[in-house]
Each structure stands twice: as structure tokens, then as C-alpha cells.
Amino acid sequence: MSKFKTIFVTLFFLFFASHVGAQTPFTLSGVKSYYPVVELNTDKIDIKYKEKILEMLIKKSQKLGIETKNFSSRSLAFLIGFIGIGDTLALKMELMVGENAMRLDTKESVFVISYMNSRIFVPQELEEELIDNAEELLDMFEAQYKEDNL
């Protein structure tokens, strides 16, 4: 298979997998507060988008009644960076909740990812697609939060 076909097939399956609409294997029940974070792992995205996405995250949290003003050991984080797929650069966006949890067997405190959803795409219009995909990931988070906290 040619390099182009391999990249095309990979991107097609990544796109398809990100749009199947299945619920994640995570639960958001009982999440009443978290510390919002946006991390840009690239210098190819203007820093103003970090602030814009952080604002979106805080507004969505307020709409859901989730506290974000005080520090919490739980974080809701957007991690954004570029990855290489063959000769193509794709943008990877991850929205995740990370928190400390107690292991039942050893009573040891460990850091866990209790929610995660991601998207990988090759942007044509970086700024517009960055915001659109961030909104879509937040909308999926909202839908699952509402379902888990009925």
C-alpha cells in the first residue's frame, strides 16, 4: 500500500472513530468541582486560543453547576498539540478529568484519568477548526455529565 493510501486510511478510521457517538467507558457521576486547565503543547497555536478555550471550559462548567473558582485536586484539562502521521501534521485534542483515587487493595493514593475523550484531525483552517472541535468535545462532555448525574 502506498504511503498516501496508508495515511488516508489512518485518517479515515480516526475520523470515523471520533464520530461514532458511543459513550465513553468513564463516569462523571458525583463530579461537583474541578480545576480547569488548557495546555498547548505547541508554539504553532496563538496563546489567545488557550484563553478562549479556557473561557469556553469555564462557561460550560458554570452551565452544568460545576465549581471551578477554588482549587480542586481534580482537574478538567484540554491538552492540545500536533502529532506526525507520516509526512502529515495532525492536531490532537484531548479533554480529560484527572484526579487522585484510593486503591482498594493497597489503600495507596494514585492519580487516575476518570474521563477522557479525544480527537485527531488535519486542520485546514487551524483557528476555526480548533474552536469548533473544542466546542464539540465540551458538548460531548456535557451530554455525558447530564446523563451520569440524572
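Rule-based calculations on the coordinates, nothing more; no lab input. What you are looking at is a predicted structure, and each value in this text was computed from that prediction instead of being measured. Positions of Cβ are backbone-derived with ideal geometry, glycine not excepted, and every protein chain shown enters the neighbour counts.
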Subset tally (residues that are loosely packed, with under 11 Cβ neighbours inside 10 Å and either aromatic (F, W, Y) or not in a loop (DSSP other than H, G, I, E, B) (or both)) for the range 113-131: 1
Residue satisfying condition, being basic (K, R), outside any helix (DSSP H, G or I) and free of Cβ contacts under 8 Å to residues at least 60 places away in the same chain, within set K44, K92: K92
Residue in the range 67-86 that is in contact with a Phe, Trp or Tyr (Cβ under 7 Å, 6 or more places away or on another chain), of a type in the set (S, T, N, Q) and touching a residue at least 40 places away in the same chain (Cβ under 8 Å) present: yes
Meets criteria (free of Cβ contacts under 8 Å to residues at least 12 places away in the same chain and on the phi > 0 side of the Ramachandran plot) for K59: no
Of the criteria (1) closer than 24 Å to K146 by Cα; (2) in a strand (DSSP E or B), which one K69 fails: (2)
Filter result (in contact (Cβ under 8 Å) with a residue 60 or more places away in the chain, touching a strand residue (DSSP E or B) at 6+ places or on another chain (Cβ under 7 Å) and either part of a strand (DSSP E or B) or farther than 20 Å from L89 by Cβ (or both)) within the range 47-56: none
Hits in the range 66-91 (condition: of a type in the set (G, A, S) and buried (at least 16 other Cβ atoms within 10 Å of the Cβ)): S72, A77, A90
